[in-house]
Amino acid sequence: MMIGISKDDGDKIITEFLVQATKENGTKRCAEESLKIMEDFNDSQMVISILLVNSMLQQGMIPEHVTDFETRIISALSTMFTTCDDSEIPIQLQDLFEGTDEEVIDRVSKSRKMHFAIQQFVSAYYTYEIFENKYPEISKML
């Protein structure tokens, strides 16, 4: 599920968000970070993507099967990592998946980074599926 918007719309969204965020935060560091994001295409695209997905979620515009897929992946990861040996958990995820089952579930459900990663995974999965169905012979060659 890719979301496409024009460059002008993206620029407007990112500018409005960063100006508002900087006003609310009120720190020099936030202003500096905002400028850096505006100068870095990849960073600005990530912020735009997060803003659009958050807006779509708030408006109930994400199909239920997509949010259900995300929830099931998070649940499966939580189950898998709480039942395996700590040495088998990737070092980047160890802090997230250590502790009791309840602690892990609470931590994972609150992790913006994990939700972003899962959203990107689900989006890539569906995008590839659409591409694969549209171009089956090319897909075989990739």
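The values are calculated or read from the model by the stated rules, or taken from the named source; none is laboratory data. A quick note: this is a predicted structure, and the numbers were derived from the prediction, not measured. Every residue, glycine among them, receives a Cβ derived from its backbone with ideal geometry; neighbour counts consider all protein chains shown.
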Do you know which residues across region 88-121 are modelled with pLDDT under 90 and hydroxyl-bearing (Ser, Thr, Tyr)? 100, 109
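Here is a yes/no grid of residues against (1) of a type in the set (Lys, Arg); (2) touching a helix residue (DSSP H, G or I) at 6+ places or on another chain (Cβ under 7 Å); (3) in the same structural domain as residue 120 (by TED's automatic domain parsing); (4) more than 20 Å from residue 114 (Cβ to Cβ):
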{"site": "14", "(1), (2), (3), (4)": "no, yes, no, yes"}
{"site": "18", "(1), (2), (3), (4)": "no, yes, no, yes"}
{"site": "22", "(1), (2), (3), (4)": "no, yes, no, yes"}
{"site": "29", "(1), (2), (3), (4)": "yes, no, no, yes"}
{"site": "32", "(1), (2), (3), (4)": "no, no, no, yes"}
{"site": "38", "(1), (2), (3), (4)": "no, yes, no, yes"}
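Going by the structure shown, is residue 62 over 16 Å from the mean Cα position of the chain (by Cα) and either surrounded by 11 or more Cβ atoms within 10 Å (Cβ to Cβ) or not in a helix (DSSP H, G or I) (or both)?
Numbers: over 16 Å from the mean Cα position of the chain (by Cα): no; either surrounded by 11 or more Cβ atoms within 10 Å (Cβ to Cβ) or not in a helix (DSSP H, G or I) (or both): yes.
It is false that residue 62 is over 16 Å from the mean Cα position of the chain (by Cα) and either surrounded by 11 or more Cβ atoms within 10 Å (Cβ to Cβ) or not in a helix (DSSP H, G or I) (or both).
Please find, among 104, 53, the residue that is in the same structural domain as residue 21 (by TED's automatic domain parsing) and either among the small types (Gly, Ala, Ser) or buried (at least 16 other Cβ atoms within 10 Å of the Cβ) (or both). Before you say what the answer is, go through the steps one by one.
Details: 104 fails: in the same structural domain as residue 21 (by TED's automatic domain parsing).
Unique residue meeting the criteria: 53.
Table: residues versus (1) polar (S, T, N, Q); (2) under 30 Å from residue 18 (Cα atoms); (3) part of a helix (DSSP H, G or I); (4) out of contact with any Asp or Glu (no Cβ under 6 Å at 6 or more places or on another chain).
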| position | (1), (2), (3), (4) |
| --- | --- |
| 42 | yes, yes, yes, yes |
| 49 | yes, yes, yes, yes |
| 96 | no, yes, no, yes |
| 131 | no, no, yes, yes |
